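Every number in this text was worked out from the coordinates using simple rules, so none of it is lab data. Everything numeric in this text was worked out from a predicted model, so none of it was measured. In this analysis, Cβ positions are derived from the backbone assuming ideal geometry, glycine residues included, and neighbour counts consider all displayed protein chains.
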Amino acid sequence: MNPLLSLLQDGKFRSGKSLGESLGVTRASIWKQLSKLEVETGLRLERVRGRGYRLSDPISLLAPPLLSEHFGGIGWGCYFFERLASTNDKARDLLQAGSRPPFVVTGEQQVSGRGRRGRSWLSPYGENLYFSLAWSLDEGARQLPGLSLSVGLAVLEALRELGMPNAGLKWPNDVLVGERKIAGILTEAFGDLADRCTVIIGIGINVNMMHGSDELTQPWTSARLELGHLVDRNQVAISLARKLSSYLAVHCHCGFAALRHEWEDKSLWQGKDAAISSSGRHVVGRVLGVDDAGALRLLVDGAERRYSGGELSLRLIQ
Ligand code: BTN
């Protein structure tokens with residue numbers, strides 16, 4: 001955690017003198033560090049003569065020791081970075097360098113956050129949660145079907161626990177509030193798919209984002225927008241880890257089949273008309289649910305058809 005930002009995160013004024021005293025540096029050094037931080041993080045600072053400095057908007061920084069303690073309690077390692085390209089990419093690098101799963105990679109900012117279908121994932125400093133879990137599948141690819149849908153249930157339950165009972169799932173693994181996306185999941189498998197392999201489960205949750213950017217092409221929301229107050233990102237990360245630990249245990253022991261009905265109950269588009277698209281081709285049908293492998297079941301011209309694959313996307317027909 002950046003010590004200077006940690007002193008300013010509540011959005012209250014602090015004088016250069018008191019900041020300098022807390023950190024054992026001069027006022028000039030505080031001024032210099034803050035100017036650099038503004039450029040690096042994109043955070044907006046106010047400077048008022050006689051009052052000092054404050055962040056234009058309070059933030060909730062991640063507390064790595066707290067996260068390590070909680071993740072350690074469920075047997076997971078924890079790596080934290082102020083700024084990184086992508087937590088999924090870093091998890092892969094750590095695996096290649098010999099780190100043993102399970103472990104979590106998280107950070108304050110991703111500069112090349114990745115979404116599904118080649119999209120980028122907006123990851124501003126200190127606003128949202130960027131979380132990747134490196135997880136071993138003892139039975140290899142046999143445990144992959146439906147995995148990202150089981151993860152979706154864990155993310156959804158963490159958000160409901162935060163106070164968003166109306167959040168729900170959209171196939172394959174988005175979490176929405178109404179028609180607005182609040183979280184997305186990107187799973188990537190490595191190693192010997194026929195034997196023991198590792199998956200990197202990347203999760204992005206819009207926690208405190210208020211303004212977004214023009215890059216966002218889909219309607220979106222955040223926990224802060226829904227709840228009307230700044231949300232503690234550590235609480236979100238800890239709750240997410242607990243839910244993931246329990247849903248992954250069920251998934252790995254019993255398969256997605258054991259979670260399928262719960263997933264359908266929590267799907268926002270169950271029974272609705274939707275179009276599924278891939279490479280410019282669309283098929284329209286009624287959403288019947290999912291099968292034991294997490295494939296979408298769609299009623300098309302009176303017959304059930306099943307769809308699976310990360311490149312597919314679904315949209316509602318109004
Ligand atoms: C989607 O397109 O809905 C999936 C978004 C996944 C974003 C997360 S943020 C943490 C992890 N690191 C990445 O680069 N992507 C995932």
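Remarks
- Histogram of C-alpha separations across the range 78-143, 10 Å bin width, %: 22, 47, 27, 4
- Given K90/K266; K243/K266; K12/K243; K181/K266, the pairs whose alpha carbons are separated by over 26 Å: K90/K266; K12/K243
- Viscosity 1.306 mPa s, temperature 10 °C, Stokes-Einstein D of the range 3-55 from Kirkwood C-alpha radius, µm²/s: 146 µm²/s
- Residue-by-residue Karplus 3J(HN,Hα) for the range 189-201, coefficients 6.51, -1.76, 1.60, Hz, glycine and proline x: 9, 9, x, 8, 5, 7, 10, 7, 9, 10, 10, 9, 9
- Quarter of the Cα convex hull surface for the range 269-316, i.e. its orientation-mean projected area (nm²): 3.1 nm²
- Between A303 and T217, the contour length at 0.36 nm per residue exceeds the alpha carbon distance by 27.7 nm.
- FRET efficiency, 1/(1 + (r/R0)^6) with R0 22 Å, evaluated for K12 and L227 via beta carbons: 0.55
- Efficiency of FRET between R44 and E139 - r from beta-carbon atoms, R0 51 angstrom, step 0.05: 0.55
- If you take all other residues with their beta carbon under 14 Å from the beta carbon of G255, and give Lys and Arg +1 and Asp and Glu -1, the sum is -3.
- Under-5 Å amide H pairs with S222, H placed in peptide plane, nonlocal only: none
- Extension gain for S278-K36 works out to 82.7 nm (0.36 nm per residue, less the C-alpha to C-alpha distance).
- Computed on the chain, with alpha-carbon pairs under 8 angstrom and 6+ residues apart, the relative contact order is 14 percent.
- Applying 1/(1 + (r/R0)^6) with r as the Cβ-Cβ distance of L316 and R119 and R0 = 22 angstrom yields a FRET efficiency of 0.70.
- Residue-averaged [θ]222 nm for the chain, counting only DSSP H segments that reach four residues, each worth -39500 (n - 2.57): -9500 deg cm²/dmol
- Of interest is the spacing of the C-alpha centroids, which for the range 178-250 and the range 29-94 amounts to 18 Å.
- Dimensions of the range 228-318 along the principal axes, based on C-alpha atoms and rounded to the nearest Å, stand at 46, 37, 24, largest first.
- With semi-axes defined as the square roots of five times the eigenvalues of the C-alpha gyration tensor, the equivalent ellipsoid of the chain measures 38, 22, 16 Å, largest first.
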